[in-house]
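The values are calculated or read from the model by the stated rules, or taken from the named source; none is laboratory data. None of the values given here were measured: they were computed from a predicted structure. All Cβ positions, glycine included, derive from the backbone under ideal geometry; neighbour counts span all protein chains shown. Please note that ligands, DNA and RNA were not included when accessible areas were found on the heavy atoms of the full protein model with its side chains. Shrake-Rupley method; radii C 1.70, N 1.55, O 1.52, S 1.80 Å.
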Amino acid sequence: MSRPPRTVLLLALMGLAALFAGWFINDKHWLATQLVFTAPPLALAVALRLGWRKAGFWASVLALGWFSHGVMSAWSHPETRWLALIETALALLVIFSASLPGLRARFDKRR
């Protein structure tokens, strides 16, 4: 994966982990929310930093769930709408930045 999309992906994953950690800080099921929401993007950020080649793929797969959760939360919980919209935007950024190297390779003019 080339440098700029990888950096954007890393920052987006860390942003999602920070967003979830703050969002669910006072939840009565704190440990469960941290394991389900905060741990996966954090683990993928670490894996990406360590050079695991499939980290981008798995990040984009999980980002589909984060996108769905963000849209659903924005629609059904007006009190946390801004957090949900930030989650949705970060999920889209994860999907785009993880897919960009493959899109560039696919549509490169130098065939």
Requested in this report: Taking the residues in segment 3-43 that are at pLDDT below 95 and in contact with a Leu (Cβ under 8 Å, 6 or more places away or on another chain) as candidates, determine which candidate is farthest from residue 103 (Cα to Cα).
Outcome: 6
**Report entry** Qualifying residues in segment 32-57 (those that are of a type in the set (Phe, Trp, Tyr) and touching a residue at least 12 places away in the same chain (Cβ under 8 Å)) - the one most open to solvent (accessible area, probe 1.4 Å)
**Finding:** 57
Report task. Would you check if there is a residue in segment 58-73 being open to solvent by 20 Å² or more (accessible area, probe 1.4 Å), modelled with pLDDT under 95 and over 11 Å from the mean Cα position of the chain (by Cα)? Result -> no
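Looking only at segment 74-83, how many residues end up being open to solvent by 20 Å² or more (accessible area, probe 1.4 Å) and touching a residue at least 12 places away in the same chain (Cβ under 8 Å)?
Within segment 74-83, residues that are open to solvent by 20 Å² or more (accessible area, probe 1.4 Å) and touching a residue at least 12 places away in the same chain (Cβ under 8 Å) number 2.
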Report task. Give segment 9-26 a look and list any residue that's open to solvent by less than 60 Å² (accessible area, probe 1.4 Å) and either under 23 Å from residue 106 (Cβ atoms) or in contact with a helix residue (DSSP H, G or I) (Cβ under 7 Å, 6 or more places away or on another chain) (or both), or say none. Result -> 9, 10, 12, 13, 15, 16, 17, 19, 20, 21, 23, 24
Requested in this report: Could you grab me the full set of residues in segment 84-111 that are touching a His at 6+ places or on another chain (Cβ under 9 Å) and surrounded by fewer than 14 Cβ atoms within 10 Å (Cβ to Cβ)?
Outcome: none
